[in-house]
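Structure record follows, encoded as structure tokens.
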Amino acid sequence: MPTTTVEANNLGKRFKDTAALDGFDLAAEAGTVLGLLGPNGAGKTTTVRILTTLLRFDTGTAAVAGFDVGRDARQVRRRIGLTGQQTAVDDLLTARQNLVLFGKLFRLTKSRARERADQLLAQFGLAEAADRQAKGFSGGMKRRLDLAASMILAPQVLFLDEPTTGLDPAGRREVWDAVSGLAADGTTVVLTTHYLDEADRLCDRIAVIDHGRNLVDDTPAGLKRRMGADRLEIVAADPGDLPVLREIVAALAQGETTTDEGASSVSAPVGEPVAALTAAATAVQDKRLTVADIGLRRPTLDEAFLELIGASPNDTATKKKEDRL
Amino acid sequence: MTTLAPVPDETLGGRIKWTLHDYRAIVGQEFTHLWRQPVNFAWQLGFPIVMVLLFVYVFGSAMDVTGQGAGVDYVAYAMPGMFAMTMAFGFTNTAWAVAEAKEKGFIDRVRSMPMASSAVVVGRNIADTLHAAVDLFVLFVIALVIGWRSEGTFWETLGAFAILLWLRFALIWVGVWLGLLVKDVTQAGNLFAIAFPFGMVSSVFTPPELMPGWLGAIAAWNPVSATATAIRELFGNPAAIGDSWPEQHALLAAIVWPVIITAIFLPLAVRKFQNLGR
């Protein structure tokens, strides 16, 4: 029987005359990873700050690990971990000193704090770097140290605000592995991200937020399904072939066929993807055409996301500016 | 999985015990910083040292603060001033450290933890006061090297140091408040523009009597002047005392001013900290 570890209903929060959150709902079941996705200024960080007791909210209710965030902040704080957007480790301390310090501040005894630091250093692959100052660490190492610090009490719920922003691919992978491992051990994870591949890979459910309101709450697969059918796409080797290729695709299409002159490609949604692909390939061969590429394209989460927020990336940037004003 | 629940602190005694434990952890962190960053520590002390060299050896020969001729007894006059000035400027270090902790997300992290939220502010204060004591000791040794002497008794000398730390302690609240108020570390760095006139428009290097009337009045009423004059009296150094009330009652003023500063800025700092969640 799944239990809800994070639950927020009708959250509202205003900053002066802008509504950061405007009736936002959120729910995460125990042991799952919930992704909070949305453009800049959508209210992701505000939500995390409210759920981690850092920010008071104006309306609605929020409960984490069974405790009311407003009334029982102390109880909530004992059961959560937070890794904010900035790496909040002390650069001047060594990895071990950082973890022992946070262990003490989590009110472990000195010996227990040391013991826990050793465990975490091993778990996060930092044992060798344990006695080096954090300022010499790579971005990925710092993030892992940051994650380790938020894991000292093995929290029921871990909040991660853009955990991989600014990391190189290797660093992102390190963080992903750490997060997956924690979720596998039963920690509920709530993370915000801009990266759809990250959400796709880590999250059990994705809540899309824009202008402080819920747009959709679904699984990554479900989100993609909302984008509709797979598309058949042929990229012409010679742009002169485009009209012929368009005929081939249109004959198989279940919907509008689109030609992209810039990419020299023709595409359309198809019902039976594999049959359509085979038929298209046969038709191309019969007409003795040479094409650069022919294939099926699954909608990406990026497309699903952009369609949901109803804007191109540029529009999103403009919106963000307006929000600030 | 959640087997690591911290020791409960529901009783009053438990709360006090763990609050002190939190303070100690934060103070320990600050002192590790000192060990780790001796260069930073040296730079913070570098400014008063440069100032003293400048005033004692460059301008000092032209200064007649005792009425006995230019340069006479200037080291004895300027040294206590430099001690007071270092205490006065210290709040910028506090503000900078607080702004950095805020900018780096350190304050947010500890606020999301089950520790005493006052530990960030109070721990900072204890650590900075101890830091200031170390600063003072180093400056004291340097002063002795360049020929300054305390003519007071052992207890008067010790009292003078207590008065200095008392001013620094009060100004830490100003530093915490400003550190939470500013947007980032860069702005915190700009606070020096406030600290400089606050430290210098005072009797630190020049008697207020030698300044234009209105400026002299500001300087005479400056808390830094009260501290400088009070410790000059305790050290038995020349003091060039004017007619204004704080100069005539320097010791009393040096005790009362920090009380007033604390009464204003301690609540401001605490409220600012609590309102971070707004």
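The values are calculated or read from the model by the stated rules, or taken from the named source; none is laboratory data. Quick caveat: nothing in here was measured; it's all calculated off a predicted structure. In this analysis, Cβ positions are derived from the backbone assuming ideal geometry, glycine residues included, and neighbour counts consider all displayed protein chains.
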Considering only strands (runs of 3 or more DSSP E) fully contained in segment A:3-46, which possess at least 2 residues that are polar (S, T, N, Q)? A:4-15
Which of the following residues is surrounded by 23 or more Cβ atoms within 10 Å (Cβ to Cβ) and of a type in the set (A, V, I, L, M, F, W, C): A:Ala113, A:Ala117? A:Ala117
Tally, over segment B:17-26, of residues that are at the interface with chain A (Cβ under 9 Å from one of its Cβ atoms) and either at positive phi or crowded, with 16+ Cβ neighbours inside 10 Å (or both): 5
Looking at A:Thr165, A:Thr193 in this structure, which one is surrounded by 17 or more Cβ atoms within 10 Å (Cβ to Cβ), under 14 Å from the mean Cα position of the chain (by Cα) and more than 11 Å from chain B (Cβ to nearest Cβ)? A:Thr193
Among (1) assigned by TED's automatic domain parsing to the domain that holds A:Ala113; (2) closer than 30 Å to A:Ile294 by Cβ, which single condition is A:Asp238 missing? (1)
Got a number for residues in segment A:68-88 being in a loop (DSSP other than H, G, I, E, B), in contact with a Lys or Arg (Cβ under 8 Å, 6 or more places away or on another chain) and facing chain B (nearest Cβ under 8 Å)? 4
For A:Lys44, only one of the following conditions fails: (1) within 14 Å of another protein chain (Cβ to nearest Cβ); (2) under 12 Å from A:Phe159 (Cα atoms). What is its number? (1)
For segment A:280-291, enumerate the residues that are hydrophobic (A, V, I, L, M, F, W, C), over 14 Å from A:Asp230 (Cβ atoms) and assigned to a helix (DSSP H, G or I). A:Ala281, A:Ala283, A:Val284
Scan segment B:102-118 and give yes if some residue there is more than 14 Å from every other protein chain (Cβ to nearest Cβ) and in contact (Cβ under 8 Å) with a residue 12 or more places away in the chain, otherwise no. no
For A:Ala95: the one exception among (1) surrounded by 21 or more Cβ atoms within 10 Å (Cβ to Cβ); (2) hydrophobic (A, V, I, L, M, F, W, C); (3) in contact (Cβ under 8 Å) with a residue 12 or more places away in the chain; (4) within 8 Å of chain B (Cβ to nearest Cβ): (4)
Tell me whether segment B:132-139 contains one or more residues that are away from chain A (no Cβ under 14 Å) and touching an Asp or Glu at 6+ places or on another chain (Cβ under 8 Å). no
Residues satisfying the stated conditions in segment B:85-98, i.e. closer than 21 Å to B:Asp22 by Cβ and either touching a Gly at 6+ places or on another chain (Cβ under 6 Å) or more than 14 Å from every other protein chain (Cβ to nearest Cβ) (or both): B:Thr94, B:Val98
Kindly evaluate B:Ala143 against the criterion of being within 14 Å of chain A (Cβ to nearest Cβ) and either surrounded by fewer than 16 Cβ atoms within 10 Å (Cβ to Cβ) or in a helix (DSSP H, G or I) (or both). no
Please work out if A:Val208 is within 14 Å of chain B (Cβ to nearest Cβ), buried (at least 17 other Cβ atoms within 10 Å of the Cβ), closer than 16 Å to A:Val48 by Cα and among the aliphatic types (A, V, I, L, M). no
With the checklist (1) outside any strand (DSSP E or B); (2) within 10 Å of chain B (Cβ to nearest Cβ) in hand, flag the one item A:Glu128 doesn't pass. (2)
Filtering segment B:27-46 down to residues that are part of a helix (DSSP H, G or I) and at the interface with chain A (Cβ under 8 Å from one of its Cβ atoms), which residue is surrounded by the most Cβ atoms within 10 Å (Cβ to Cβ)? B:Gln29
Could you grab me the full set of residues in segment A:173-197 that are over 25 Å from A:Ala30 (Cβ atoms) and at pLDDT 85 or above? A:Arg173
Across segment B:199-224, what is the number of residues that are free of Cβ contacts under 8 Å to residues at least 40 places away in the same chain and buried (at least 24 other Cβ atoms within 10 Å of the Cβ)? 4
Applying the selection to segment B:176-193, what residues are part of a helix (DSSP H, G or I) and within 20 Å of B:Met51 (Cβ to Cβ)? B:Gly189, B:Asn190, B:Phe192, B:Ala193
Taking A:Ala149 as meeting all but one of (1) within 11 Å of chain B (Cβ to nearest Cβ); (2) among the small types (Gly, Ala, Ser); (3) closer than 21 Å to A:Gly84 by Cβ; (4) not in a helix (DSSP H, G or I), write down the number of the exception. (4)
Could you pull out the residue among B:Val134, B:Val145, B:Val138, B:Val120 that is more than 20 Å from the chain's Cα centre (by Cα) and among the hydrophobic types (A, V, I, L, M, F, W, C)? B:Val145
Restricting attention to segment B:16-38, the residues that are among the β-branched types (Val, Ile, Thr) and more than 18 Å from B:Ala132 (Cβ to Cβ) number exactly 2
Is it the case, given these coordinates, that A:Leu54 is in contact with a strand residue (DSSP E or B) (Cβ under 9 Å, 6 or more places away or on another chain), under 24 Å from B:Met113 (Cβ atoms) and surrounded by 17 or more Cβ atoms within 10 Å (Cβ to Cβ)? yes
